[in-house]
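Scroll down for the structure; my scribbles are underneath it.
The values are calculated or read from the model by the stated rules, or taken from the named source; none is laboratory data. Remember, predicted model here, so these are calculated numbers, not experimental data. Neighbour counts run over all protein chains shown; Cβ positions are idealised from the backbone, glycine included. Quick note on the areas: whole protein, heavy atoms, side chains included, nothing else; ligands and nucleic acids left out. Shrake-Rupley method; radii C 1.70, N 1.55, O 1.52, S 1.80 Å.
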Amino acid sequence: MRKNAIAVLALASVAVLALAAARDGAPDGAAAAAPAEGPAASPALEPLAFMAGTWTQQQAKGAMIEEHWMRPRGASMLGSFRRLLGNGAVPFYEFTQIVAEKDRVVLRQIHVHGNFDADPKRPVPMELVLERSGEGMATFVPAPDAAKANAGDLARVTYAADGADTLILTVEPRARDGKPAEAPLVFRMTRAKM
């Protein structure tokens, strides 16, 4: 049942993102859709608006990563991530929500394999909380309850803007078993041209 719920959420997210991409990618001369009206972003999410957009990074052997963030509206943001191999195969997807709650901002993420099977290492969503945000930067850390955080060896995730067209995602592991932490993973993504 949980597997089906994850698949439905993921498919709905993909459909919404595809519609947004189709609207944004209208050919020259085509009527552009009017900006969507709706609730204003929660003040707690306004500092995260820099993340909105479609971001890509080319990798070795024709592989690439792609991340898309909807802009904040109301009390939420929605993001998706996929890694494409050079042959077009997708080994995994991530679907992420950021929600402004009463006294905190929470990032929840599910990770599924290319066939939409839940990742057995992360069968329940990971939960991070916003540690700090500022001018074009946001850092999330595992929720205080380790069982609820389900973050494994993750110490923190930071999104940072480097100008208007570059988004840097830094994933930092924590030290474990008395050994120093591994080097952070850094993804320098550029804004996709539609």
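Here is how the numbers come out for the structure above:
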| item | result |
| --- | --- |
| Pick from the stretch 143-156, criterion open to solvent by 40 Å² or more (accessible area, probe 1.4 Å) and within 18 Å of Phe95 (Cα to Cα), ranking: modelled with the lowest pLDDT | Lys148 |
| Residue list for the stretch 108-124, restricted to those being crowded, with 19+ Cβ neighbours inside 10 Å and of a type in the set (S, T, N, Q) | Gln109 |
| Any chance Ala138 is in a loop (DSSP other than H, G, I, E, B), open to solvent by less than 40 Å² (accessible area, probe 1.4 Å), hydrophobic (A, V, I, L, M, F, W, C) and closer than 21 Å to Thr96 by Cβ | no |
| Within the stretch 169-186, tally of residues that are surrounded by fewer than 17 Cβ atoms within 10 Å (Cβ to Cβ) and either among the hydrophobic types (A, V, I, L, M, F, W, C) or in a loop (DSSP other than H, G, I, E, B) (or both) | 12 |
| Which numbered condition Glu127 fails, given (1) charged (D, E, K, R); (2) open to solvent by 20 Å² or more (accessible area, probe 1.4 Å); (3) part of a strand (DSSP E or B) | (2) |
| Failed condition for Gly88, given (1) more than 22 Å from Ala155 (Cβ to Cβ); (2) open to solvent by 50 Å² or more (accessible area, probe 1.4 Å); (3) not basic (Lys, Arg) | (2) |
| Condition check for Phe187: over 25 Å from Arg73 (Cα atoms) and in contact (Cβ under 8 Å) with a residue 60 or more places away in the chain | yes |
| Extreme residue, farthest from Arg104 (Cα to Cα), among residues of the stretch 43-75 that are among the small types (Gly, Ala, Ser) and part of a strand (DSSP E or B) | Gly53 |
| Number of positions in the stretch 60-81 that are closer than 19 Å to Thr170 by Cβ and either free of Cβ contacts under 8 Å to residues at least 24 places away in the same chain or loosely packed, with under 14 Cβ neighbours inside 10 Å (or both) | 3 |
| When residues of the stretch 84-116 are limited to those that are within 20 Å of Gln58 (Cα to Cα), out of contact with any Leu (no Cβ under 7 Å at 6 or more places or on another chain) and part of a loop (DSSP other than H, G, I, E, B), the one modelled with the lowest pLDDT | Gly114 |
| Among residues of the stretch 77-94, those that are of a type in the set (Gly, Ala, Ser) and within 9 Å of the chain's Cα centre (by Cα), counted | 2 |
| Residue satisfying all of: in the stretch 129-153; among the hydrophobic types (A, V, I, L, M, F, W, C) and in contact with a helix residue (DSSP H, G or I) (Cβ under 7 Å, 6 or more places away or on another chain); farthest from Ala164 (Cα to Cα) among these | Ala143 |
